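Visitor: The following block contains the structure, expressed as structure tokens.
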Amino acid sequence: MEQFDTHLYELIAKNLSGQCTEAESAALQEWLEASPGNRAEYEILAKLWHDSPSAAAVPQRQYDAAAAWEKASQAIQPPASRVKTLYTRYAAAAAIVALLTAGAWWLETRSSLKKHELAANDGKIKSLQLPDKSMVTLRQGATIRYINGYHHNQRIVELEGEAFFEIASDPGHPFLVKTPNQSIVEVLGTSFTVQTGKDSTAVTVASGSVKLGVEGDTAAVILNSGQRGIWGNGLLSANNNHNLNFIAWKTGILQFNDQTLLEILPQLADFYAKDIRVDEKYKETASQQKATITFRNQSCDDVLHELQLLLGFHYQQEGDTIVISQ
């Protein structure tokens, strides 16, 4: 009788249930590419898997490996001389697959391992305490996903948008922030912001230190308190952070220290999510006008009015755009 590798079938079952690690996926792919026979074998097992009732729908189901094999064998029609051998081999494999399917269902239904999601999509920032006691504040429009547990002894969250993190110390379980653009932030310190975009990620460190890198790449930069790092277009950079308002969206406080109107307005536009444009004829003057001023939880109109009194410009709403002029 042909021998079979139970570890291989475990890999196949984990792949079909979406539980493979990167290393396991690579090992399985190498086996699939080794021969057409391996690929055919995988397709047979995939059919056995998908023809089985859903474990989630029927937790206490009974597995009939013989019936499943009979259905699959009719579909692929192997040569008659191989049916008996293949029956024995794949009936055993089907039993392994069935067992692992039940295990996968059990893991998914354990509340401690369920993936959770929080979105700040109602125009307000939201705060969240993670299971490890770390605190996360989501900016409007941001989404975070996490599980109530560890993944390979790591604390991993997935972030879209911008958030401020205050990480609980736990050296034995590294904290990672993954983004849709494949960049990864590994926490070496305590508090920082992460701002994700389609093709870039920016990290500003308030205290401690973090490492910014890319998934699958050893290149990374270490960012310490007061530094800002950016990954984009395949490049990593680190510089001192000169933006006092990088967490103004969280604190509600806007501070400007001897900054020009041209430097101030983009920060207001970002904070208030407004389109603010400077008239071309006024840009040269705006580049020379400076202000040192602080605003606390004030409306956009109130802030512009105070700046208008201080610097002497004119502003008006034109459709969805605020235009600054002489």
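What follows is calculated from the coordinates using simple rules that are stated; it is not laboratory data. In this text, all values refer to a predicted model and were calculated from it rather than measured experimentally. For neighbour counting, all protein chains shown are included, and Cβ atoms are generated from backbone atoms with ideal geometry for every residue, glycine included.
Visitor: Would you order Val187, Val323 from fewest to most other beta-carbon atoms within 10 Å of each residue's own beta-carbon?
Guide: Values: Val187 22, Val323 16.
Taking fewest neighbouring Cβ atoms as first place, the list is Val323, Val187.
Visitor: Still on this structure, please answer the following. Given the peptides 162-174, 229-241, arrange them by the average over their residues of other C-beta atoms within 10 Å, most packed first.
Guide: 162-174, 229-241
Visitor: Here is a further query. For segment 252-325, what number results from the quotient of the Cα radius of gyration and 2.2 N^0.38 Å? Spell out each step's value before the answer.
Guide: Details: Rg = 11.3 Å, N = 74, 2.2 N^0.38 = 11.3 Å.
Here the Cα radius of gyration is 1.00 times the empirical estimate.
Visitor: Moving on to the next point. Give the order of Val278, Val177, Val221 when sorted by the count of other beta carbons within 10 angstrom, beginning with the fewest. Walk me through the intermediate numbers first.
Guide: Working: Val278 21, Val177 26, Val221 16.
Fewest-to-most ranking of Val278, Val177, Val221: Val221, Val278, Val177.
Visitor: Could you sort 313-319, 202-208 so that the peptide with the highest average Cβ count within 10 Å comes first and the rest follow in order? Kindly include the intermediate steps, with their values, before the conclusion.
Guide: Details: 313-319: 12.0, 202-208: 19.4.
Averaged packing, sorted descending, gives the order 202-208, 313-319.
Visitor: Hey, another quick one. Which links in Lys178/Lys211; Lys14/Lys47; Lys250/Lys283 stretch past 24 Å when you go from one Cα to the other? All intermediate terms of the calculation are to be shown ahead of the outcome.
Guide: Details: Lys178/Lys211 12 Å; Lys14/Lys47 15 Å; Lys250/Lys283 30 Å.
Violating the 24 Å limit, Cα to Cα: Lys250/Lys283.
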